[in-house]
1. For the stretch 193-220: of the residues being aliphatic (A, V, I, L, M) and buried (at least 17 other Cβ atoms within 10 Å of the Cβ), which is nearest to residue 278 (Cα to Cα)?
2. Could you say which residue among 276, 231 is out of contact with any helix residue (DSSP H, G or I) (no Cβ under 6 Å at 6 or more places or on another chain) and either closer than 22 Å to residue 208 by Cβ or of a type in the set (S, T, N, Q) (or both)?
3. From the residues in the stretch 53-88 that are closer than 23 Å to residue 266 by Cα and among the acidic types (Asp, Glu), which one is surrounded by the most Cβ atoms within 10 Å (Cβ to Cβ)?
4. Filter the stretch 195-211 down to residues that are of a type outside the set (Asp, Glu) and more than 20 Å from residue 260 (Cα to Cα), then give me how many there are.
5. Considering only the stretch 275-333, how many residues are touching a residue at least 24 places away in the same chain (Cβ under 8 Å), within 16 Å of residue 131 (Cβ to Cβ) and not small (Gly, Ala, Ser)?
6. Kindly indicate which of 371, 309, 338, 304 is at pLDDT 95 or above, in contact with a strand residue (DSSP E or B) (Cβ under 7 Å, 6 or more places away or on another chain), crowded, with 17+ Cβ neighbours inside 10 Å and of a type outside the set (D, E, K, R).
7. Which residues, counting only those in the stretch 288-304, are in a loop (DSSP other than H, G, I, E, B) and of a type in the set (A, V, I, L, M)?
Amino acid sequence: MNETREAVVVGAGAAGLVTAAELGRRGVGDVLVLERGEGVGASWRSRYEGLRLNTIRQFSGLRGLRIRRSTGRYPSREDFIAYIEEYARRAGLDVRCGVTAERIERTADRDWRMTTDGGDLIARYVVIAAGWDREPVMPEWRGSETFTGELIHSSEVRRPADYAGREVLMVGAGNTGIDLAGLLIDAGAQVVVSMRTPPTIVPRDWHGIPTGPGAVPLHRLPPRLADLIVAPAQRVMIRDLAPYGIPRPPAGMFTRFREEGVSPAVDDGFVAALRAGRTRVVGEIERFEGREVVLRDGERLTPAAVICATGYRRGLEPMVGHLGVLDAAGAPLRPRGAPEHPAAPRLYFVGYTYRIARNIPLFSGQARRVATAVARDRATGRAPARAPAAA
């Protein structure tokens, strides 16, 4: 038998929870939040120990509830999980965990039918907030099946201390790769980083001052102008890393973010370890040969573990790919909440746009736009002609 709800939100992370709360504030009382994991913030629960937010506490909360000052400047993984648990509890949200949304179809009544592994749901309004990093991406290398060591994605790492005394090859020098490499080094692992494209690296703090807030106003500028403004500070804070195997990136920080979606890597100790000779950077992997990893330049390594910090896919194609609402890369064509795509009335996406800093409050603004659109549609029976002003 089908279960009928007025609104269903897919994903109980920060984006999904704030959307459900905003819908409730606008009078939508019958809202169900689905989460495939075993608790709210499932993606945070599965990440490695030592992970912290890259943005300061004041820039990381959701509308209606501040993060406690006791969490410090950069809340830890555990602190943020506790925060969103409290958020869901205070908002009185109806969250159903352990349920995976599989496919969404239009009904004859112009509502939405959602097929899940726990039965079908019918809803007038559906919000997809399943997260940017839903499916880990693992590279394919010739001979990888012959590797006798550990070959995993970074999403599978739980305790950096488990790698103490072991040789680790970290693949990827992006945000996760740099952060996790630093934690592994501190835990006593012998880490080598395999890099394809030089990253833009920024320190988390500079002389005790957070660097993230400085990036917020620069998003309003053309990317190349923002690059020109920030480049001198970057050179002073990080200095030249070419002698250590990391040449200057091919493009500026804001240009790369706008054109490639590549965020800067936030350094919290990796650069110091690199300069001190406690780690090194090598080139790309060519192939695997049993116990050995062969690089493109011919160097051979024999790590005990290869950890791939190689990013994620959205993984939305099975759910909504047939509706014409995704681009070629699998991201929503209308990612800013509302208005929705004309091909899919009353189907919204929240949490699929990012900035270099202050991302989580961005979700609150998108959630408010969705809630406003839903309230207007309930009152008039017509979708809004244009999105309300950004929060």
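1. Start the filter on the stretch 193-220 by keeping residues that are aliphatic (A, V, I, L, M), which leaves 193, 195, 201-202, 209, 215-216, 218.
Adding the requirement that they be buried (at least 17 other Cβ atoms within 10 Å of the Cβ) leaves 193, 195, 201-202, 215, 218.
On the way: 193: 11, 195: 17, 201: 18, 202: 20, 215: 30, 218: 34 Å.
Per the stated criteria, the residue is 193.
2. Numbers: 231 fails: either closer than 22 Å to residue 208 by Cβ or of a type in the set (S, T, N, Q) (or both).
After ruling out the rest, the residue left standing is 276.
3. Among residues in the stretch 53-88 that are closer than 23 Å to residue 266 by Cα and among the acidic types (Asp, Glu), the one surrounded by the most Cβ atoms within 10 Å (Cβ to Cβ) is 79.
4. Residues of the stretch 195-211 that are of a type outside the set (Asp, Glu), as a first pass: 195-204, 206-211.
Narrowing further to those that are more than 20 Å from residue 260 (Cα to Cα): 203-204, 206-211.
Counting residues in the stretch 195-211 that are of a type outside the set (Asp, Glu) and more than 20 Å from residue 260 (Cα to Cα) gives 8.
5. 8
6. Values: 371 fails: in contact with a strand residue (DSSP E or B) (Cβ under 7 Å, 6 or more places away or on another chain); 338 fails: at pLDDT 95 or above; 304 fails: crowded, with 17+ Cβ neighbours inside 10 Å.
Testing whether each residue is at pLDDT 95 or above, in contact with a strand residue (DSSP E or B) (Cβ under 7 Å, 6 or more places away or on another chain), crowded, with 17+ Cβ neighbours inside 10 Å and of a type outside the set (D, E, K, R) leaves just 309.
7. Initially, the stretch 288-304 is screened for residues in a loop (DSSP other than H, G, I, E, B), giving 290-291, 296-299, 302-304.
Selection gives 304 alone.
For every residue, the table says whether it meets (1) under 20 Å from residue 332 (Cβ atoms); (2) of a type outside the set (S, T, N, Q); (3) at pLDDT 95 or above; (4) in contact with a Cys (Cβ under 8 Å, 6 or more places away or on another chain).
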| residue | (1), (2), (3), (4) |
| --- | --- |
| 87 | no, yes, yes, no |
| 92 | no, yes, yes, no |
| 105 | yes, yes, yes, no |
| 125 | yes, yes, yes, no |
| 133 | yes, yes, no, no |
| 142 | no, yes, yes, no |
| 145 | no, yes, yes, no |
| 151 | no, yes, yes, yes |
| 154 | no, no, yes, yes |
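The values are calculated or read from the model by the stated rules, or taken from the named source; none is laboratory data. On a predicted model such as this, the values are computed, not experimentally measured, just so you know. Reconstructed Cβ throughout: ideal geometry from the backbone, glycine too, with neighbour counts over all protein chains shown.
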